[in-house]
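Below is one structure, written out as structure tokens, with a few remarks after it.
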Amino acid sequence: MKLYIIRHGQTNWNRKGRIQGKTDIELNEEGIEQAKEARKILEEYPIDMIVSSTLKRARKTAEIINESKKVPILFKEALEERGFGEFEGKTREEIQDEIWTSEILDNYNLNKQYKGVETIQELCSRVWNLIDELKENYTDKNILLVTHGGVTRAISGYFDGANENGILEDLKLQNCGIKMYEI
């Protein structure tokens, strides 16, 4: 089984550096073009099904990719972006908050709750449960997960664990960037 991970195409909030979280933002024109380019790249990948976040930006990315794949798509809330509470819609410059660091909010051992941000363990729990479900039910399938930047941190944690400081590494996928894991 192979899991291919792709981050959704660009939105206007991505372009402006705004934190999206669960706010349901559409792809912009560049994001649509990025998804079309990803579709071309993924034509060569042996994908049997797509599992996508339910949020519009990921859903549209999945649908564009699937125009050539024509495989089943499952939409799962478990792949939705991390909830960023009071920070959604703001840029990091607007926040100027001393706690907005990966050492605090992305530390699996601390599991910090702050201003409505979904804790890292909550995020990991829903994503890891979905991966376990996919492994159990689709062992003979290669699956494309269409998701969000924050969720890629939980996926990284599933496969690679936390570093010595308890931090789950960010896959640092650009919009429509792709990563593969083999199970």
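The values are calculated or read from the model by the stated rules, or taken from the named source; none is laboratory data. Just so you know, these numbers come straight off a predicted model, no measurement behind them. Cβ coordinates were reconstructed from backbone atoms using ideal geometry, including for glycine residues, and neighbour counts include every protein chain displayed. To get the accessible areas, we keep the full protein, side chains included, count just its heavy atoms, and leave off ligands, DNA and RNA. Shrake-Rupley method; radii C 1.70, N 1.55, O 1.52, S 1.80 Å.
Here is how the numbers come out for the structure above:
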| read-out | value |
| --- | --- |
| Phe87 being surrounded by 17 or more Cβ atoms within 10 Å (Cβ to Cβ), among the aromatic types (Phe, Trp, Tyr) and either within 27 Å of Lys40 (Cβ to Cβ) or out of contact with any Leu (no Cβ under 9 Å at 6 or more places or on another chain) (or both) | yes |
| Region 69-79, residues that are within 15 Å of Gly150 (Cα to Cα) and loosely packed, with under 15 Cβ neighbours inside 10 Å | Glu77 |
| Scope region 8-30; condition without any contact (Cβ under 8 Å) to a residue 40 or more places away in the chain, open to solvent by 40 Å² or more (accessible area, probe 1.4 Å) and either in contact with a strand residue (DSSP E or B) (Cβ under 7 Å, 6 or more places away or on another chain) or within 15 Å of Ser53 (Cα to Cα) (or both); matching residues | Asp24, Glu26 |
| Whichever residue in region 146-170 is surrounded by fewer than 16 Cβ atoms within 10 Å (Cβ to Cβ) and of a type outside the set (Asp, Glu) and, among such residues, is modelled with the highest pLDDT | Phe159 |
| Total residues in region 31-68, condition over 15 Å from Thr147 (Cβ atoms), among the charged types (D, E, K, R) and touching a residue at least 40 places away in the same chain (Cβ under 8 Å) | 2 |
| Segments classed as helices (runs of 4 or more DSSP H), wholly inside region 83-183, with at least 1 members that are without any contact (Cβ under 8 Å) to a residue 12 or more places away in the chain and closer than 26 Å to Met1 by Cβ | 120-137, 149-160 |
| Matching helices (runs of 4 or more DSSP H) fully within region 1-78 where at least 3 residues are closer than 22 Å to Ile131 by Cα and more than 14 Å from the chain's Cα centre (by Cα) | 56-69 |
| Selection status of Ile143, among the β-branched types (Val, Ile, Thr), buried (at least 21 other Cβ atoms within 10 Å of the Cβ), farther than 27 Å from Arg18 by Cα and at pLDDT 90 or above | yes |
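Condition check ((1) more than 25 Å from Asp140 (Cβ to Cβ); (2) modelled with pLDDT of 95 or more; (3) among the polar types (S, T, N, Q)) across all residues:
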residue: Met49; (1), (2), (3): no, yes, no
residue: Lys56; (1), (2), (3): yes, yes, no
residue: Ala62; (1), (2), (3): no, yes, no
residue: Ala78; (1), (2), (3): no, yes, no
residue: Glu98; (1), (2), (3): yes, no, no
residue: Thr101; (1), (2), (3): yes, no, yes
residue: Tyr108; (1), (2), (3): yes, no, no
